[in-house]
1. Determine which single condition His159 fails, assuming it passes every other condition in (1) open to solvent by less than 40 Å² (accessible area, probe 1.4 Å); (2) over 26 Å from Ser122 (Cβ atoms).
2. Just give me the residues in the range 257-278 being in a strand (DSSP E or B) and within 32 Å of the chain's Cα centre (by Cα), in sequence order.
3. Out of everything in the range 91-110 that is free of Cβ contacts under 8 Å to residues at least 60 places away in the same chain and farther than 19 Å from Leu31 by Cα, what residue ends up being surrounded by the fewest Cβ atoms within 10 Å (Cβ to Cβ)?
4. Inspect all residues belonging to the range 212-220 and state whether any of them is in contact (Cβ under 8 Å) with a residue 12 or more places away in the chain and either closer than 16 Å to Glu288 by Cα or open to solvent by 60 Å² or more (accessible area, probe 1.4 Å) (or both).
5. Name every residue in the range 106-152 that is touching a Lys or Arg at 6+ places or on another chain (Cβ under 7 Å), over 23 Å from Ser221 (Cβ atoms) and of a type in the set (A, V, I, L, M), in order of residue number.
6. When residues of the range 226-268 are filtered for being among the small types (Gly, Ala, Ser) and at pLDDT 90 or above, how many remain?
7. Does the range 44-55 contain any residue that is closer than 23 Å to Phe113 by Cα, of a type outside the set (Phe, Trp, Tyr) and in a loop (DSSP other than H, G, I, E, B)?
8. Does the range 136-159 hold any residues that are charged (D, E, K, R) and touching a Pro at 6+ places or on another chain (Cβ under 6 Å), and which are they?
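The values are calculated or read from the model by the stated rules, or taken from the named source; none is laboratory data. As the structure is a computational prediction, the values presented were derived from the model and not from experiment. Every residue, glycine as well, gets a Cβ built from its backbone with ideal geometry; the counts of neighbours run over all protein chains shown. Note: areas computed on protein heavy atoms with side chains; ligands, DNA, RNA excluded. Shrake-Rupley method; radii C 1.70, N 1.55, O 1.52, S 1.80 Å.
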Amino acid sequence: MARTDSTRQRQTEHASSRLQAMRLIAPVGRLLEQIHPAGAERDRAGNRKFFYDHYLTLLLLYFFNPSLDSLRALQNASNWERVQRKLGIPRVSLGSLSESVGVFDPALVRPIFKELARQARSQLRGREAEALENLTAVDGSVFGALPRMAWALWEDAEHRGVKLHLQFSVAKWVPLDATITPAACSEPAAMKAMLQPGLLYVNDRGYASFELMRSVLDAGSSLITRVKDDLALHVEKELPVAPQAARAGVVRDVILKRLGTSHHKDVVGRAMRLVVVRCADRTGKTSELWLITDRLDLAADLVAIAYRYRWTIELFFRWLKCVLGARHLVSHQENGVALQMYAALIVSLLIAIRTGSKPTKRTFETIQFYLLGWVSDEEFAAHLASLKKSKN
């Protein structure tokens, strides 16, 4: 046991030192300073030594260091002098660490990773880079929770879950915004509450609501939404399918006078466009995707390509759960889970900003090995150079 603690201390101290040396957390340092005093309003005597930015820094260290696997391990890491010196974290008791999640408001972290997202660079090239620069995939993913987490409502008393609602920049391959709710919730309602202007939202049939489409348009954004193939059509004009669109699988392109049946209210209130794309699965079975968009100016093949890019958000969820390890919850309180999810998103953004590339398993492993001292400075620099070369 003593050997395990000694190894964990040595690895954590090494990681703390190199985290600062490689400038990985530099982009977030100034932003964390903004929330430093948050949650300390009750401390009129000035006795509090452990602040909001300290807690988030420990969470960032948790994701970068595989030897830290619990809240108790994080508390133990705060005892080590080198960690305190390199990361500016004071020693904290386990009770204070647990109490912190009830004091610190997770909503204050959202502006931080939204600002970091603006610093990330686009991964798209050529014609798609300009046309789909603001393409934003929207979806939600459930993270399993323990039965005693009564607030995390899902299927029944024995099955609890937390849902991460994410807006994801396809061009930059980074999260733009996120909220965390119990798993038993409305995904369209969560998206409506997060709408931003100037984006091109792409989503699956779970978001196929005329009311939500109206809200997207009212927010000053556009949409590409998959709908069921039994949608009532009021065709205004059939558009020719260009050869380039046909190669992308487009079989039909029409302007619609309105959405929905004529005896119902025209909720969307404007002409829309239907692009039908034929695709085949792994077994060779073909199916049609009915895509509704308000972008009458966007080439049909780019509409099809934009919807295919929606899959990147699923890959990002897999990265969060299987590579970054965000599905292992270090806190069972609602605020604590939200803070951990936001920290995981910040880590993804920091990797994208530092490497200039989307976060991958190989890149994350290289960073972890470097932080633990298993990869030299020269080897790490060569890895970063290879990433930049592969982009060019």
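1. For His159, the failing item is (1).
2. Matches in the range 257-278: Leu259, Met272, Arg273, Leu274, Val275, Val276, Val277, Arg278.
3. Gly95
4. Yes, there is a match, as at least one residue in the range 212-220 is in contact (Cβ under 8 Å) with a residue 12 or more places away in the chain and either closer than 16 Å to Glu288 by Cα or open to solvent by 60 Å² or more (accessible area, probe 1.4 Å) (or both).
5. Those that are touching a Lys or Arg at 6+ places or on another chain (Cβ under 7 Å), over 23 Å from Ser221 (Cβ atoms) and of a type in the set (A, V, I, L, M): Val142, Ala145, Leu146, Met149, Ala152.
6. 5
7. Scanning the range 44-55 turns up no residue that is closer than 23 Å to Phe113 by Cα, of a type outside the set (Phe, Trp, Tyr) and in a loop (DSSP other than H, G, I, E, B).
8. Glu158
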